[in-house]
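Participant: Pasting a structure below so you can have a look.
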Amino acid sequence: MSLAALATSAGLSKSEISKLENGVRPFRPDHVIRLAKIFGVGPMEMLSPASPLRTMLSDSKTDSELPLFDGRDLAREGANATARSSVPRPPQMRGTTQAYAVTVADLSNAPALAIGSTLLVDPDMPANVGDLVVNRVSFAPLAFYLRQDDEGGIYGMTLSRRRVDLTIEDVEKLHRVIGVLVSSLTFSRA
């Protein structure tokens, strides 16, 4: 069943169905009742372990975690870098198969991003002027804001105000940052 057909049958918007499916919005009892009618089962059956609803919402490891790359590895190895570990996938990033996270490992992006911060990246979302992006062109600097000058030229502006010139083709290689997790590190005076 298509998203549009399901939304129409359930009396909900396509956006609402998509948010439920991706875990962005929690299911309410009325959602379960509406969907049970559509699938021809009772509400209790919809909540059973083998139900279509549980299958739709299953939390497999690949959908509950994001691969975590170290920013230094990306700067050094580029696209050949491998993930060092993983971080929990935020609900709004479920279903984004190519999403990943990157730790900020140096002060080249200071003071806006603290060392240890984690960038949540969705490469499927197109980068737009004004977005914070991961630099997949040269990987150094790791992140910058996408800007456009008065003549229409596209460039990157690092968080420390350094300009990075880009071509239109380069923009297609940038990956959009959709969230930042701030480190829980604490510093004390010696």
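Participant: Calculate the spin-label point distance for Y155 paired with E77, positioning each point 7 Å from the Cα along the beta-carbon direction, and give it in nanometres.
Facilitator: Computed distance between label sites E77 and Y155 equals 3.3 nm.
Participant: Here is a further query. For K37, give me every one of the aspartates and glutamates with a C-alpha distance below 18 angstrom, ignoring sequence neighbours fewer than eight places off in its own chain.
Facilitator: In chain and number order, the partners are E16, E21, E45.
Participant: Let me ask something else. Using 0.36 nm times the number of residues separating A140 and M44, minus their current alpha carbon distance, what extension gain do you get?
Facilitator: Residue separation times 0.36 nm, minus the Cα-Cα distance, leaves 29.2 nm.
Participant: For K37 paired with V180, estimate the spin-label separation in nm (one decimal), with each label point 7 Å from Cα along the Cα-to-Cβ line.
Facilitator: Placing both labels 7 Å beyond Cα along the Cβ direction yields 4.6 nm.
Participant: Quick check: pseudo-label points 7 Å beyond the Cα along Cα→Cβ at L3 and R147, how many nm apart are they?
Facilitator: 3.5 nm
Participant: Could you look at the stretch 78-157 and say what percent of its accessible area is carbon and sulfur, using a 1.4 Å probe and all protein chains?
Facilitator: The C+S portion of the solvent-accessible surface of the stretch 78-157 is 50 percent.
The values are calculated or read from the model by the stated rules, or taken from the named source; none is laboratory data. Keep in mind the model is a prediction, meaning the values are calculated, not measured. All Cβ positions, glycine included, derive from the backbone under ideal geometry; neighbour counts span all protein chains shown. Just so you know, the surface numbers come from the protein's heavy atoms only, side chains and all, with ligands and any DNA or RNA stripped out. Shrake-Rupley method; radii C 1.70, N 1.55, O 1.52, S 1.80 Å.
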